[in-house]
Amino acid sequence: DRPALLLMFDESGVENYLALGELEGEQATFDVLDGSQQVALSQLDQAWEGDYLLVWQPPPMGNGVIGASASRDAVRWLRKLLSQVPELGVKDSGSGVFDQGLEEAVRRFQEQQGIAVDGIAGSRTLIRLHNAVAMPGIPRLAAEP
């Protein structure tokens with residue numbers, strides 16, 4: 001659910017990256033120089049072989065992985081976000097220590113989201129966490145409800 005650059009091929013086999021900005025129903029919207037262009041998903045299947053670059057915003061500390069060796073600020077940021085997911089039962093204690101309780105909360109969140117459970121908040125976990133707490137200012141493919 002993030003904007004992406006899709007490696008596309010035209011009729012002559014020339015490859016170009018196109019910026020996918022939105023998905024709605026059976027339509028994909030690409031951001032192009034002079035605005036936007038809608039393409040049916042069925043057409044997209046014909047020109048796209050599956051290669052893409054995902055565009056996402058890492059935590060404010062610039063660290064794309066938060067685990068035991070992360071900075072105290074990164075751990076505090078993670079703890080604060082996890083505390084906003086009610087079913088996890090995480091308290092925002094302000095602690096910058098990546099302790100066993102925080103690792104277990106990350107594991108519970110990963111399991112809940114159906115992603116690899118390793119207790120480390122990497123890109124997939126952080127993207128899902130952004131979605132779970134509806135972080136403002138984070139671009140998404142799906143239109144906001």
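Details
- Unmet requirement for residue 8, which otherwise passes all of (1) outside any helix (DSSP H, G or I); (2) under 21 Å from the mean Cα position of the chain (by Cα); (3) surrounded by 13 or more Cβ atoms within 10 Å (Cβ to Cβ): (2)
- Pair list, Cβ under 7 Å, 6 or more apart: segment 57-84 residue within 11 Å of residue 96 (Cα to Cα), other residue outside any strand (DSSP E or B) and open to solvent by 90 Å² or more (accessible area, probe 1.4 Å): 77/60
- Top-ranked residue of segment 112-145 - restricted to ones that are in a loop (DSSP other than H, G, I, E, B) and either among the basic types (Lys, Arg) or touching a His at 6+ places or on another chain (Cβ under 8 Å) (or both), ranked as least open to solvent (accessible area, probe 1.4 Å): 138
- Check on residue 90, in a helix (DSSP H, G or I) and either among the aliphatic types (A, V, I, L, M) or touching a Cys at 6+ places or on another chain (Cβ under 8 Å) (or both): no
- When residues of segment 76-100 are limited to those that are among the hydrophobic types (A, V, I, L, M, F, W, C) and closer than 15 Å to residue 132 by Cβ, the one farthest from the chain's Cα centre (by Cα): 90
- When segment 93-111 is limited to residues that are acidic (Asp, Glu) and in a helix (DSSP H, G or I), the one that is surrounded by the fewest Cβ atoms within 10 Å (Cβ to Cβ) turns out to be 111.
The values are calculated or read from the model by the stated rules, or taken from the named source; none is laboratory data. Here the structure is a predicted model, which means the values were calculated and not measured. Note: ideal-geometry Cβ built from the backbone for every residue, glycine included; neighbour counts use all protein chains shown. Protein only, heavy atoms only, side chains kept; ligands, DNA and RNA dropped before computing areas. Shrake-Rupley method; radii C 1.70, N 1.55, O 1.52, S 1.80 Å.
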